[in-house]
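The values are calculated or read from the model by the stated rules, or taken from the named source; none is laboratory data. As the structure is a prediction and not an experimental result, all values here were calculated from the model. No Cβ is skipped: glycine too gets one built from the backbone with ideal geometry, and neighbour counts run over all protein chains shown.
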Amino acid sequence: MRYDTVIIGAGMSGLSAGVRLAYYEKRVCILEKHTTIGGLNSFYRLRNRNYDVGLHAVTNYAKPGTKQGPLSKLLRQLRMTWEDFDLRPQLRSSIVFPGCILQFTNDFSFFCDQVTSTFPHQADGFSRLLKRIEDHDPLNLERESFSAREVVGEYIKEPLLVDMLFCPLMFYGSATPRDMDFSQFVIMFRSIFHEGFGRPFDGIRLILKKLVRHFKSLGGDLKLRAGVQQIRQRDGRATSVLLEDGTEIEADNVLSSAGAAETMRMLDPSAPVEAPTAGDISFVESISVLDCEPAQLGHHETIVFYSNTEQFHYERPGVPVDLRSGIICSPNNFDYSRPLEDGRMRITALADPQYWLSLPEDRYVAEKNEWNQRIISSAVAHIPDFRAHVIDTDVFTPRTIRRFTGHVNGCVYGAPQKFVNGQTPISNLYLCGTDQGFLGIVGAMLSGITIANRYLLK
């Protein structure tokens, strides 16, 4: 069968693009190489417990019925309802550096008050930075890239405040070591501080299953275990995709959410296209299951972004795991009407992908266990010590990320170079998702919709 569009990858961006196209009666097929959907934001079941992959929180939270903002736009574009996402707001989160704490909720004025009261001598510069952020259009698909640190440095002269602002934004969305593109900074600043965090009670599986049901109800085709071996092209246009099992599927357009470097490597040898440099920002994450709610131990914060050093370091570390900083997330600490089935603590830290990818199998499990304990030991300097209450645990590494996403280096945020307008050197091959440049769960979904609207619904 020939399709109007073949979409590579059944993650958030690919599924959202598929829904948008199928709604307008386009013949669409989504190809996913694995046995399940979700990509970087998937779910699994282990030892009779449900786990989310990647999800700490959904950014861009908005109250049901809100008319403006990314989440409202997303729901309108997908013809979905607030109940389909069922997001509950965070309680409170914090950024913790030596001798200094900034707290934030989904009330932006609270965060502004925290900044100006903690750094009163930076209040005027912070106010002017907010105006610069307000005036900037980060969604312009023809925008130029420039350093966020240079821009922020024009307004904020206190290095500690600069690093405290960058810490959560980089952890949740920068593929660039030590810096990020200013448009990416604005997107993440608005999504985390202006709008804030939410989470569905049942985790990411609720949103993914709703998307798949919606896509199929509109006539879309979803093929699992359908890895793409090659994108075939002729005269500068993609003509078909060859699957790993030898099946060939023809299409008028191909939309890939697999990543820029990964997509260019799928092109057949007749296409003289150089693959962009792959990113190398990756993480190890420890997930602990507790026999109690974290609140019972005195921990009430939703997410803690911490640095044990006054200067925040964000780059591929020269050690297996960088214990100088990290993220602590408790999925229990959202405003739910009833408790989750068990307590959870998730701790994430920067990791060296080459170390984890090159480990022999007989050492891999032992190293995971060793670094899991070290990550937790580092984190409990900032939260109550929960180790006596752990009843189960799981750990993922860059190796896990590469296995289930195909991302080179197990990189989470893709390549430093973004293809903001979604175009590639092949005229009808487009990119969406991480390497198009809209980050976070809502951002990824809007990326798929934006590229579909711009190129595939003409």
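Numbers below:
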item	result
Matching residues, the stretch 41-92, being in contact with a helix residue (DSSP H, G or I) (Cβ under 8 Å, 6 or more places away or on another chain), buried (at least 17 other Cβ atoms within 10 Å of the Cβ) and either free of Cβ contacts under 8 Å to residues at least 12 places away in the same chain or farther than 20 Å from M445 by Cβ (or both)	L75
Unmet criterion (only one of (1) surrounded by 16 or more Cβ atoms within 10 Å (Cβ to Cβ); (2) over 19 Å from F201 (Cα atoms)) for L290	(2)
Filter result for R128 (in contact with a Phe, Trp or Tyr (Cβ under 7 Å, 6 or more places away or on another chain), at pLDDT 95 or above and basic (K, R))	yes
Verdict on V212 being at negative phi, among the β-branched types (V, I, T) and surrounded by fewer than 21 Cβ atoms within 10 Å (Cβ to Cβ)	yes
For F438: the one exception among (1) of a type outside the set (K, R); (2) farther than 23 Å from I281 by Cα; (3) in a loop (DSSP other than H, G, I, E, B)	(2)
Qualifying positions in the stretch 335-366 - within 19 Å of the chain's Cα centre (by Cα) and either buried (at least 23 other Cβ atoms within 10 Å of the Cβ) or within 25 Å of A57 (Cβ to Cβ) (or both)	M345, R346, I347, T348, A349, L350, A351, P353
Filter pass, T393 being in contact with a His (Cβ under 8 Å, 6 or more places away or on another chain), outside any helix (DSSP H, G or I), touching a residue at least 40 places away in the same chain (Cβ under 8 Å) and not assigned by TED's automatic domain parsing to the domain that holds I7	no
Where a residue in the stretch 362-381 is under 14 Å from F283 (Cα atoms) and its partner, wherever it lies, is part of a helix (DSSP H, G or I), with Cβ under 7 Å and at least six apart	none
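This table checks each residue for (1) touching a Phe, Trp or Tyr at 6+ places or on another chain (Cβ under 6 Å); (2) under 29 Å from W82 (Cα atoms); (3) in a helix (DSSP H, G or I); (4) at pLDDT below 95.
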site: C167; (1), (2), (3), (4): yes, no, yes, no
site: V186; (1), (2), (3), (4): no, yes, yes, no
site: L208; (1), (2), (3), (4): no, yes, yes, yes
site: H214; (1), (2), (3), (4): no, yes, yes, no
